[in-house]
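Remarks on the structure that follows.
The values are calculated or read from the model by the stated rules, or taken from the named source; none is laboratory data. Predicted model only: the values in this text are computed from it and were never measured. Positions of Cβ are generated from backbone atoms using ideal geometry, with glycine treated the same way; all protein chains shown enter the neighbour counts. Surface areas here come from the heavy atoms of the whole protein model, side chains and all, with no ligands, DNA or RNA. Shrake-Rupley method; radii C 1.70, N 1.55, O 1.52, S 1.80 Å.
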Amino acid sequence: MLLVLLVMALAALAALATGGRLGRLADHALTGLHWLAAAAIGQLLGSLFGGTAYPVGLIGSAVCIAVFLRENLRQPGVGLLALGFFSNAAVVALNGAMPVSAAALTRAGLSPQVAGPRHELVTATTTWPWLGDVVPVALPGLGQAVSPGDILIAAGAGLLLYTGMGGSGRVATDMAPAWDDLEPSRANPAIRIRRRSEPESTPDHPTE
């Protein structure tokens with residue numbers, strides 16, 4: 001979740017720097033937000049009760065998310081979100097919890113152990129361990145291990161936010177003057193820029 005928030009913050013800054021605005025998000029409203037609420041409730045209940053309730057709640061949450069993603073699949077980034085959610089749901093459903101690599105935790109500067117029913121260390125019997133939390137993110141004070149699904153979710157959320165804000169992909173700069181708008185200057189023996197609206201000077205006594 002921390003990675004997703006970080007990527008979204010960077011995407012928002014990038015959108016603002018390239019002409020995007022937060023107000024434009026209203027023009028790209030998502031549909032079926034109640035499915036997201038149901039998915040969040042399913043995950044919350046699974047976490048509270050633990051045991052088999054956790055994978056069951058996660059599977060129910062995945063179903064709700066699937067419906068939500070289907071209704072918004074045309075939105076940029078939603079396809080990446082779908083792949084990420086299904087990747088995480090698949091590995092949890094197969095193992096009963098999210099597998100975590102002890103080596104990834106160590107490389108991220110964390111203790112190689114997990115707590116709670118939602119995670120378990122990768123062992124020789126883990127199914128599809130490469131879909132678990134095996135990617136170290138070594139941020140100062142914010143180290144963590146994330147899954148390939150988490151990376152896809154972060155990328156999809158960032159792209160969805162960036163395009164929703166109307167980011168153009170180009171930083172706004174002043175246009176370079178045309179060659180015809182340049183002329184010599186007394187203060188500078190090189191050139192000075194003549195404003196386009198500045199009329200050309202005419203001699204006081206035109207030649208007849």
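With touching an Asp or Glu at 6+ places or on another chain (Cβ under 6 Å) and farther than 23 Å from L69 by Cβ as the only criterion, which of A124, A108, A97, A103 stands out?
Values: A124 fails: touching an Asp or Glu at 6+ places or on another chain (Cβ under 6 Å); A108 fails: touching an Asp or Glu at 6+ places or on another chain (Cβ under 6 Å); A103 fails: touching an Asp or Glu at 6+ places or on another chain (Cβ under 6 Å).
Only one candidate passes the filter, namely A97.
Any residue at all in region 17-31 that's assigned to a helix (DSSP H, G or I), under 22 Å from I151 (Cα atoms) and either open to solvent by 80 Å² or more (accessible area, probe 1.4 Å) or among the aromatic types (F, W, Y) (or both)? Steps first, please.
From region 17-31, those assigned to a helix (DSSP H, G or I) are 17, 22-28; that's our starting set.
Pick out the ones that are also under 22 Å from I151 (Cα atoms) and you get none.
No, region 17-31 has no match at all.
Reported count of residues in region 50-78, each being farther than 23 Å from P129 by Cα and touching a residue at least 40 places away in the same chain (Cβ under 8 Å), is 6.
A single entry from G77, G57 fulfils the requirement of being small (G, A, S) and at positive phi: G77.
Among all positions in region 76-87, there is no residue which is of a type outside the set (S, T, N, Q) and either more than 28 Å from A14 (Cβ to Cβ) or in contact with a Cys (Cβ under 8 Å, 6 or more places away or on another chain) (or both). Mind listing whichever residues of region 46-58 are surrounded by fewer than 16 Cβ atoms within 10 Å (Cβ to Cβ) and in contact with a helix residue (DSSP H, G or I) (Cβ under 7 Å, 6 or more places away or on another chain)? Passing the criteria: S47, A53, V56.
Mind telling me which of the residues L94, L22 ends up being of a type in the set (A, V, I, L, M, F, W, C) and modelled with pLDDT under 85?
Numbers: L94 fails: modelled with pLDDT under 85.
Just a single option satisfies the conditions, and that option is L22.
Considering only region 49-142, give the strands (runs of 3 or more DSSP E) lying wholly within it that have at least 2 residues that are of a type outside the set (A, V, I, L, M, F, W, C), out of contact with any Leu (no Cβ under 6 Å at 6 or more places or on another chain) and under 22 Å from I153 (Cα atoms). Filter on region 49-142 gives 119-121.
From the list A66, A97, A90, A124, which residue is surrounded by fewer than 17 Cβ atoms within 10 Å (Cβ to Cβ), more than 21 Å from the chain's Cα centre (by Cα) and within 22 Å of G42 (Cα to Cα)?
On the way: A66 fails: more than 21 Å from the chain's Cα centre (by Cα); A97 fails: surrounded by fewer than 17 Cβ atoms within 10 Å (Cβ to Cβ); A124 fails: within 22 Å of G42 (Cα to Cα).
Answer to the selection: A90.
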